[in-house]
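Below you'll find the structure, written out as structure tokens, and then a few comments.
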Amino acid sequence: MQRSFLLPGRRQVPMSPSLSRSAPSLLNHWWSQMRFRLQNKKGWNEMLNETFLLHAKIINDTPLFYAAKRNSVDCVRKLLGSASTNIFERGALGETALHVAVMNDNLEAAVALMDGAPELINEPMTSELFQGVTALHIAVVNQNINLVQQLIKRGGDVSNPQVTGLYFRKRIGGLIYFGEHILSFAACAGNEEIISMLIDAGASTRVQDCRGNTVLHILVLQPNKMTACLTMDLILARDAERDHPVPLDMVPNFRGLTPFKMAAKEGNTVAFQHLVNKRRVFQWNLGPLTSHLYDLTEIDSWADDKSVLELIVVSQKREARRILELTPVRQLVSLKWDLYGKHYFRLLLLMYLLYIGTFTLCCVFRPLMDIPGNYTQSDTDKTIRIQKGLNESYVTHGDKVRLAGEIISVLGAFAMLLLEIPDMLRVGAKRYFGQTALGGPFHVILISYACLVVLLCVFRLCEVQGEAVVMSVCLVLGWCNVMFFARGFEMLGPYVIMIQKILFGDLAKFMWLIVIVLIAFSTSLWMVYMTQEPGSLPAYTSFPITLFSEFELSVGLIDLPVDQTIFTPPIVNVMHVAFSIVSYILLLNLLIAMMSDTHWRVAQERNELWRTQVVATTLMLERRLPRWLWPRLGICGLNYGLEDRWFLRVEDRNDPKMHKMRRYIKAFAKDDKNKSKDSEKTDAKKGSPGLRSKSSGGLNSVGRLSGWQLIRLSALGYEMENQLQGGEDI
């Protein structure tokens, strides 16, 4: 993520905002921005620009700062020896002269400042943006080993300083998050020598920032995943030397997330797989076959309310769903679904079909009687039957059978509410109703259906007329909820998600546009026909009827309501032509294009969505079924001399030829995509001279070779393995 700063000589780069933000975090971000603006009378970017420009100006105007910046050792010593020099003078960022020297990697000037003014060594910055930053923080993150050595040698504190400035906090749009302590800054920089130097000097590997994040938590959030994993190994190895009762990778932050769980929640597949591999137990190796015991601690949801599976399901990041494809998560999910989840879920489908069928029969055979003689009826009212009273509704044997069905319907509605409401409170209404993997709109349908069935019971007891309207809505909601069970079938599950996204995404956006168009044209037509005789055109007798007629016309349900035998004002024809162009040609084709795009996007995520649906369904059944119906899967380590943990044995076939073929397939797919993109630009590039890059002819340009070229080079004996693996994640 990049933010633009209007600094001299620096190119302006637009910021790419996050695409998936929850409503509470977004509101909190807006409120923080508003409060910051009210307190400072300036926006964040405006304040940063002015502060950094003032920082550069003060450095150039202050002799000691300027000498430290230019690495002029003689000037620094002379200024330190002058009585008029204030060694504690601060710049715009609250920095001292030592901070300026370290920022510019000026070792000689920094050593002169430390010798002449040792008080500056542990002096932090004091501005609101950079509060708490010491010279050692800067030297560490700049990976200046000599400066780090000199600072530690002269008494630099490696444990206590904490960075609390606004610029270094974890926030929306922030460019860096290195934690607060010096060791976390060094870990994010990834310099092994500096990290070892700090730990040897007394830095604790278990420091936590204001969020409770340890060094491992912070490494999970870093963009350089390969370096972060290597640094994790070093930190864990040095922490194991201290013999702590709880391993560092099991220490949670203030939100209850360990580094392992945070990697799953953030979708960091590299760090997650790396930590999984560190916990696995090797069993045996037989040629290409290997057998491992994978530790299910924090992964399995059987004994953990905030397990990895739960975090993946509720996460709004697509990267988190890719964790489900990794070992052993994929094997655990498949085992749970195939052994228990699939059968219980289809049994639940059968029970729901029997239930909704019973409710439908109760509605069809509801108690009705012929209208009495004193029933007042207008010419347009064609009613021949009305609802019976409570005392007359349960007399015959058939009424008693229907009563049993009605009791089952009401009890089922209460059971639905008792099962749905606790889950909604646990997950949160926004995620529970908004996320597709959790069922999304189907939970709204189910809760609405249950509430209306309870309302029907109240209507029947109070003898309120109007059951038919409520029953009609209940039947529509109840039968539509059957689509929820399509997630139990791999063929139907993704298509139900597609329907949800079209209904609540594309169609919702389309309805906003069509409502504006309908109101505009209906109002304009009603202005003309309100002066005509009401019976001349039934489609325009009133404004509501006019609005509904235009809606029917927009979707092609009726023909154009124009009577050529009577006089029609010319403006009406103009309006109908304009409405046809806007509604038929523009809006309907726009809706078709939006739906096609949604279909393509869902098709790209088909396997991910299906596996996420399976996990969400499995977790739902696991929470609601008693333990004796859902035994714990895996192997208990105590029975085999291992720790008190549960393991899952997984056999892998490591076939180098198969891995090579998979890379070829990926290369073919990438080559096809590049050809499709280049074909669009062929005409524009014809006849234009091009420059050939220096690396276009050698093996260093592997990333630009096509699939057939890779095979040809591999057949000729070139060693392509290392170069192909160089860009892959571990």
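If a residue must be assigned to a helix (DSSP H, G or I) and over 18 Å from Phe647 (Cβ atoms), how many such residues does segment 236-295 contain? I'd like the intermediate steps shown before the answer.
Applying the first criterion (assigned to a helix (DSSP H, G or I)) to segment 236-295 yields 236-240, 248-250, 259-266, 269-279.
Subset that is over 18 Å from Phe647 (Cβ atoms): 236-240, 248, 259, 261-266, 269-271, 274.
Matching residues across segment 236-295 total 17.
Kindly establish whether Phe459 is at pLDDT 85 or above, farther than 28 Å from Thr618 by Cβ and among the aromatic types (Phe, Trp, Tyr).
yes
Conditions tested, residue by residue: (1) acidic (Asp, Glu); (2) surrounded by 15 or more Cβ atoms within 10 Å (Cβ to Cβ); (3) modelled with pLDDT of 90 or more.
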site	(1), (2), (3)
Ile299	no, yes, yes
Leu350	no, no, yes
Leu353	no, no, yes
Val364	no, no, yes
Leu368	no, no, no
Gly373	no, no, no
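Does Glu119 satisfy being assigned by TED's automatic domain parsing to the domain that holds Phe88, under 22 Å from Ala101 (Cα atoms), of a type in the set (D, E, K, R) and buried (at least 22 other Cβ atoms within 10 Å of the Cβ)?
no
Can we say Gly412 is crowded, with 16+ Cβ neighbours inside 10 Å, within 30 Å of Leu609 (Cα to Cα) and modelled with pLDDT under 85?
It is false that Gly412 is crowded, with 16+ Cβ neighbours inside 10 Å, within 30 Å of Leu609 (Cα to Cα) and modelled with pLDDT under 85.
Looking at segment 237-264 only, could you name the residues that are within 17 Å of His181 (Cβ to Cβ) and surrounded by 14 or more Cβ atoms within 10 Å (Cβ to Cβ)?
So the first thing to find is which residues in segment 237-264 are within 17 Å of His181 (Cβ to Cβ), and the list is 238-239, 242, 248, 251, 253-254, 259.
Hits for segment 237-264 are Arg238, Asp239, Leu248, Val251, Asn253, Pro259.
Quick one: what pairs do we get from segment 577-594, first residue at negative phi and modelled with pLDDT under 85, second surrounded by 14 or more Cβ atoms within 10 Å (Cβ to Cβ) and of a type in the set (Gly, Ala, Ser), C-beta under 7 Å, 6+ apart or different chains?
From segment 577-594, the pairs are Ser583/Ser554.
Which residues, taken from segment 130-147, are touching a Gly at 6+ places or on another chain (Cβ under 8 Å) and crowded, with 19+ Cβ neighbours inside 10 Å?
Across segment 130-147, the qualifying residues are Phe130, Val133, Thr134, Ala135, Leu136.
Working only within segment 212-235, note down all residues that are assigned to a loop (DSSP other than H, G, I, E, B) and either among the aliphatic types (A, V, I, L, M) or surrounded by fewer than 16 Cβ atoms within 10 Å (Cβ to Cβ) (or both). Steps first, please.
Of the residues in segment 212-235, the ones assigned to a loop (DSSP other than H, G, I, E, B) are 212-214, 221-224.
Passing the criteria: Gly212, Leu221, Pro223, Asn224.
State the number of residues belonging to segment 475-503 that are touching a residue at least 40 places away in the same chain (Cβ under 8 Å), closer than 16 Å to Ser448 by Cβ and in contact with a Ser or Thr (Cβ under 9 Å, 6 or more places away or on another chain).
Residues in segment 475-503 being touching a residue at least 40 places away in the same chain (Cβ under 8 Å), closer than 16 Å to Ser448 by Cβ and in contact with a Ser or Thr (Cβ under 9 Å, 6 or more places away or on another chain): 4 in total.
Please report, ordered by residue number, the helices (runs of 4 or more DSSP H) entirely within segment 60-171 with at least 3 residues that are without any contact (Cβ under 8 Å) to a residue 24 or more places away in the chain and farther than 14 Å from Phe185 by Cβ.
Numbers: elements: 63-69, 73-81, 97-103, 107-116, 135-141, 145-153.
It comes to 73-81.
Results for (1) under 21 Å from Gln613 (Cβ atoms); (2) part of a helix (DSSP H, G or I); (3) modelled with pLDDT of 85 or more, shown as yes or no for each residue.
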| position | (1), (2), (3) |
| --- | --- |
| Phe484 | yes, yes, yes |
| Met498 | yes, yes, no |
| Phe504 | yes, yes, no |
| Ala508 | no, yes, no |
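Taking the residues in segment 322-345 that are among the polar types (S, T, N, Q) and part of a helix (DSSP H, G or I) as candidates, determine which candidate is surrounded by the fewest Cβ atoms within 10 Å (Cβ to Cβ).
So, considering only residues that are among the polar types (S, T, N, Q) and part of a helix (DSSP H, G or I), the one surrounded by the fewest Cβ atoms within 10 Å (Cβ to Cβ) is Ser334.
Please work out which residue is nearest to the chain's Cα centre (by Cα), limiting yourself to segment 581-614 and to residues that are polar (S, T, N, Q) and surrounded by 14 or more Cβ atoms within 10 Å (Cβ to Cβ).
Thr612
The values are calculated or read from the model by the stated rules, or taken from the named source; none is laboratory data. Bear in mind that the values here come from a model prediction, so they are computed numbers and not experimental data. Cβ coordinates were reconstructed from backbone atoms using ideal geometry, including for glycine residues, and neighbour counts include every protein chain displayed.
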